[in-house]
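Rule-based calculations on the coordinates, nothing more; no lab input. Bear in mind the structure is a predicted one, so any value in this text is a computation, not a measurement. A quick note on method: Cβ atoms are made from the backbone with ideal geometry, for glycine too, and the neighbour counts reach across all protein chains shown.
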Amino acid sequence: MKTLGQFIIEKQADFPFAKGELSRLLRDIGIAAKMVNREVNKAGLADLLGGYGETNVQGEVQQKLDVYADVQFISALQRGGECCYVASEEHELGIDLSHDFVSKNAKYIVCIDPLDGSSNIDVNVSVGTIFSIYRRGGTEGITMANDLLQQGKQQVAAGYIIYGSSTMLVYTTGNGVNGFTLDPSIGEFCLSHPNMKIPDNGQIYSINEGNYIKFPQAIKNYIKYCQIEDAETKRPYISRYIGSMVADIHRNLIRGGVFIYPETLSFPKGKLRLMYECNPMAFIIEQAGGKATTGSERILDIQPTELHQRIPIVIGSRKMVEKVEYFYRMECEPSLNV
Ligand code: AHG
Ligand code: MN
Ligand code: MN
């Protein structure tokens, strides 16, 4: 069995001029993931359930584990010395590490959702971590325009950790997607899902249908389409929604399916965040052969305008995403509906 550490070293040999910084950065993230996993596993015993008593920059109530995970990932990146700036869901401006002696020449920027699916923590349902890595724009101070607000297609690596019935780390550096399962007996992530590919089509649709009346007409129509019986296209489809983006997309990556969080009356620009939720998941799913758009525009092409920007997302099996796009187009041009 190959460990994450061994796999990273092996892959580094494919890039003869690489100096190993990205490998070390991925290793640091793997270490923090194990620490968060340890706490998630015993959250009920260690008084780690429930609220922290604060709200984050987006007005969301922080859970104790949101704060714990945030601290662990930032400390690991700070100690590792390969990251000059961390943009986190939990901080308005992010953490500038470029003034630290060990990180002043660091080449990478990390955007992170330290704990995804907070509402599931207290009920023992899967949660996750999502990360996205960019190369620093220049050697001078870190600026929004040059360093932080880069398009998703400029990511050099992205990944997620799912703390589920088993804990997995899935990542890409732009050469396919590989998944590692944590073997608790040796405390190592081991390669269990090499070269992951998402089925081109599927039968699972994942969307919070409780928001139905707030959805755009195109999505209401798509949901009806999913529910109508049709033997040829194997409908009705199956509805599955965990409420942790990581867990919903991980399942769809393996089984085939589409995950949608559209613009709604409550969140007119969408709810999920471009920099540390949508971009990294889009990079992974594209690398696995799937697709990720807003319904009309490729996620990885979007030029970010702010760190905590929200966007609508349709992500998953290529044919299913294209069907949703078709429903959006049909709303704009009803003549297509023949
Ligand atoms: P977070 O816990 O990091 O704030 O993210 C929660 C996100 C995402 O994981 C999930 O898909 C979505 O919010 C669920 O939102 P709804 O409860 O509105 O469906
Ligand atoms: Mn999240
Ligand atoms: Mn979060």
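What percent do you get for the relative contact order of segment 4-193 when only Cα pairs under 8 Å and 6+ apart count? Please report the intermediate quantities before stating the final value.
On the way: 327 pairs, mean separation 27.6, N = 190.
For segment 4-193, the relative contact order is 15 percent.
For segment 264-287, backbone nitrogen atoms closer than 20 Å to the point 7 Å from residue 175 Cα along Cα-to-C-beta are found at 283-287.
The distance from the alpha carbon centre of segment 213-250 to that of segment 140-175 is 28 Å, rounded to a whole number.
Dipole magnitude for the chain: about 760 debye, using +1 per Lys or Arg Cβ and -1 per Asp or Glu Cβ, origin at the Cα centre. Counting every other Cβ atom within 10 Å of each residue's Cβ, 126, 317 order from fewest to most as 126, 317.
As an exercise, take the mean of 1/r over every pair of distinct alpha carbons in segment 259-338, invert it, and state the Kirkwood radius in angstroms. This gives a value of 12.9 Å.
Peptide packing for 98-107, 82-91, 136-145 was compared via the average number of neighbouring C-beta atoms within 10 Å per residue; ordered from the highest value, the list is 82-91, 98-107, 136-145.
In the chain, the longest principal axis of the Cα atoms and the axis of helix 318-332 are about 60 degrees apart.
Could you line up 260, 254 from fewest to most neighbouring Cβ atoms inside 10 Å? Don't skip to the answer; put the middle values down first.
Numbers: 260 23, 254 15.
Starting with the residue having the fewest Cβ neighbours, the order is 254, 260.
Based solely on its DSSP helices, what 222 nm [θ] is calculated for the chain when runs of n ≥ 4 H residues each add -39,500 (n - 2.57) and the sum is averaged over all residues, nearest 500 deg cm²/dmol?
Working: 7 runs with 93 residues, N = 338.
Taken over the chain, the calculation gives -9000 deg cm²/dmol.
Can you list, largest first and rounded to whole Å, the semi-axes you get for segment 4-193 by taking the square root of 5 times each eigenvalue of its Cα gyration tensor?
On the way: eigenvalues 137, 96, 36 Å².
Semi-axis lengths for segment 4-193 are 26, 22, 13 Å.
Does anyone have the angle between helix 217-227 and the longest principal axis of the chain? Alpha-carbon axes, 0 to 90°, nearest 10? Long axis of 217-227 versus the principal axis of the chain: about 80 degrees.
What does the charge add up to near residue 279, with Lys and Arg as +1, Asp and Glu as -1, over the other residues with Cβ less than 10 Å from its Cβ? Once positives and negatives cancel, what remains is +1. Ranking 102, 57, 13 by how far each Cα lies toward the positive end of the dipole of segment 4-193 (charges on Cβ) leaves 13 at the top. Modelled this way, with points 7 Å down the Cα-to-C-beta line, the labels at residue 54 and residue 183 are 3.9 nm from one another. The long axis of helix 245-255 is offset from the longest Cα principal axis of the chain by roughly 70 degrees.
Starting from the coordinates of the alpha-carbon atoms of the chain, obtain the Kirkwood hydrodynamic radius over all distinct pairs and give the value in Å to one decimal.
Values: mean 1/r = 0.0490 Å⁻¹.
It works out to 20.4 Å.
For the chain, what relative contact order do you get, as a whole percent, if you take Cα pairs closer than 8 Å and at least 6 residues apart? Don't skip to the end; give the middle numbers.
Values: 705 pairs, mean separation 50.4, N = 338.
Answer for the chain is 15 percent.
For q values of 0.22, 0.24, 0.34 Å⁻¹, compute log₁₀ I(q)/I(0) with the Debye formula on a Cα-only model of segment 153-192, without solvent. Evaluating at q = 0.22, 0.24, 0.34 Å⁻¹ gives log10 I(q)/I(0) of -0.68, -0.77, -1.13.
Rank these for me by crowding, 39, 286, going from fewest to most other beta carbons within 10 Å. Each step should come with its number before you reach the end.
Details: 39 16, 286 22.
With the fewest neighbours first, 39, 286 line up as 39, 286.
On full extension of the chain, what length is gained from residue 227 through residue 326, given 0.36 nm per residue of separation minus the C-alpha to C-alpha distance? Before the final figure, lay out each step's value.
Numbers: separation 99, 0.36 × 99 = 35.64 nm, distance 1.69 nm.
Roughly 34.0 nm would be gained on extension.
Please get the size of the charge dipole for segment 4-193, origin at its Cα centre, with Cβ charges of +1 on Lys and Arg and -1 on Asp and Glu, quoted in debye to the nearest 20.
Values: 14 positive and 23 negative charges, 137 e Å.
Result for segment 4-193 is approximately 660 debye, rounded to the nearest 20.
Trypsin sites (Lys or Arg not before Pro) within segment 148-217: which are DSSP loop residues with at most 16 other Cβ atoms inside 10 Å?
Numbers: sites: 153, 197, 214; in loops: 197.
When the trypsin sites (Lys or Arg not before Pro) of segment 148-217 are filtered for loop state and at most 16 Cβ neighbours within 10 Å, 197 remain.
Only Lys, Arg, Asp and Glu count, each charged at its Cβ (+1, +1, -1, -1), so figure out the dipole size of segment 236-324 about its Cα centre, rounded to 20 debye. Don't skip to the answer; put the middle values down first.
Numbers: 12 positive and 8 negative charges, 64 e Å.
Charge dipole of segment 236-324: 300 debye, to the nearest 20.
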